[in-house]
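Trainee: I have a structure here, written as structure tokens, and I will follow up with some questions on it.
The values are calculated or read from the model by the stated rules, or taken from the named source; none is laboratory data. Values in this document were obtained by computation on a predicted structure and should not be read as measured data. As a convention, Cβ positions derive from the backbone with ideal geometry for all residues, glycine included, and neighbour counts pool all protein chains shown. Side chains are part of the model used for accessible areas, which takes the heavy atoms of the whole protein and leaves out ligands, DNA and RNA. Shrake-Rupley method; radii C 1.70, N 1.55, O 1.52, S 1.80 Å.
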Amino acid sequence: MSTEADAVGKTSNRFEGKKHADLTLEYWITSWEKQQIRFHLDEVHEMLKKHLDVMLNGRKQICIFFPLCGKALDMKWLADQGHTIVGVEISEIAIKQFFTEQNLSYIQEPVPGMPGADVFKSPEGRISLFRGNIFDFSSSIAGQFDGIWDRGSLQPLISSDRQRYSKLMITLMAKGCRYLLDTLVCTKSDFDGLPPKIPESEIRDLFGHACNIQLLYSSDTLSGKQKLWGLESFGEEVHLITLKTDSS
């Protein structure tokens, strides 16, 4: 089985020679076309399983948002538990592979208010995946969400897009929403292809004006194998983000 650590090593090879600023929407579309998707995990993410109770906070059958969802197995896993899943993904290939690999049929429809976009829905409506640019998505399209699972979606964005992204995420948070932000912490001095670490200070700059931020998990698990990849440090962090208005 693939692990997060394995995925990072493979992803570092995939980004070889790429500047961080070059990781455009077109780049991700091409990655799916060529099936260069080593960032994809072939199992449910360990950090989601570990912290799911924190997201749920005693609630059942909540609506959970997956930004830049790819074909994450996590979506089917949560839908099977009775939750409603909404995702946004730029690649139609990724979305169709998700439904095919999970043995799910789907209905494809255009999205009013989201130019050029389509939504792919499972027949019972438990899973809805929107194909389009996430910055064209809004709460007017699919409402607000009770939970957000953000695995590696914020991290590859350039600084200016991170500001746009955080503002969007905040508008998508319903009252009581619990947002799990999972980021990798890794450095390699002679290589700038890896998405750079997001320091705690930047997460607070992005979300702190409207949200409470709590570090739930932090690891430093640099292995001998990862040293061979040239990484000087490797770890993972999970933050819980909640609206300040929920605690006022």
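Trainee: Go through (1) within 21 Å of Ile241 (Cα to Cα); (2) modelled with pLDDT of 95 or more one by one and return the number of the condition Ile95 breaks.
Mentor: (1)
Trainee: Please name all residue pairs, on different chains or six or more residues apart, with Cβ atoms under 9 Å, provided the first residue is in region 57-78 and is at pLDDT 95 or above and the second residue is assigned to a helix (DSSP H, G or I) and among the hydroxyl-bearing types (Ser, Thr, Tyr).
Mentor: That search, which allows pairs on different chains as well, returns Pro67/Tyr165.
Trainee: With respect to the numbered conditions (1) open to solvent by less than 20 Å² (accessible area, probe 1.4 Å); (2) modelled with pLDDT under 95, which one is the sole condition not fulfilled by Met169?
Mentor: Only one criterion in (1) open to solvent by less than 20 Å² (accessible area, probe 1.4 Å); (2) modelled with pLDDT under 95 is unmet by Met169, namely (2).
Trainee: What number of residues within region 135-182 are of a type in the set (S, T, N, Q) and in contact with a strand residue (DSSP E or B) (Cβ under 8 Å, 6 or more places away or on another chain)?
Mentor: Count: 2.
Trainee: OK, next. Is it true that Gly176 is at pLDDT 95 or above and on the phi > 0 side of the Ramachandran plot?
Mentor: Details: at pLDDT 95 or above: yes; on the phi > 0 side of the Ramachandran plot: yes.
So Gly176 passes the test.
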